[in-house]
Amino acid sequence: MFYVGDLVTLRKSGVAKTRYHPDKRIGIIRNIRREVFYTYTGDMDDAITVFWIPLNSHETVMEFYLELLEKE
């Protein structure tokens, strides 16, 4: 589960190719709408608005597309 303010990145696999961009490395969660999308398994998934820092833009994606950013 994600929370507003978490640092995230796109998953390495399983995300629609149109979502990928080389500058989408670090994002900050700005807004979460809980249980908006149905998954293929019938579960409810969140709609998460991410502010991509390098791009200076917002994008709303399904929770499944994101993972917490790990410290390097």
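Neighbour counts of other Cβ atoms within 10 Å put I29, I53 in the fewest-to-most order I53, I29. Phi angles across the range 54-67 convert, under the Karplus curve 6.51 cos²θ - 1.76 cosθ + 1.60 with θ = phi - 60°, into 3J(HN,Hα) values of x, 8, 6, 9, 9, 8, 9, 9, 6, 3, 4, 6, 10, 9 Hz, Gly and Pro given as x. Residues in the range 4-13 carry Karplus couplings, in order, of 4, x, 5, 8, 9, 9, 6, 4, 6, 8 Hz; the curve used is 6.51 cos²θ - 1.76 cosθ + 1.60 with θ = phi - 60°, and Gly or Pro positions show x. Of the residues F37, L68, G27, the one whose Cα sits farthest towards the positive end of the charge dipole of the chain is G27 (charges of +1 on Lys and Arg Cβ, -1 on Asp and Glu Cβ, taken about the Cα centre). Between the range 1-30 and the range 44-72, the alpha-carbon centres lie 4 Å apart.
Bear in mind these aren't lab numbers, they're just calculated from the coordinates by the rules spelled out. Keep in mind it's a predicted model, so treat the numbers as computed, not measured. Note that each Cβ is placed from the backbone with ideal geometry, even for glycine, and that neighbours are counted across all protein chains shown.
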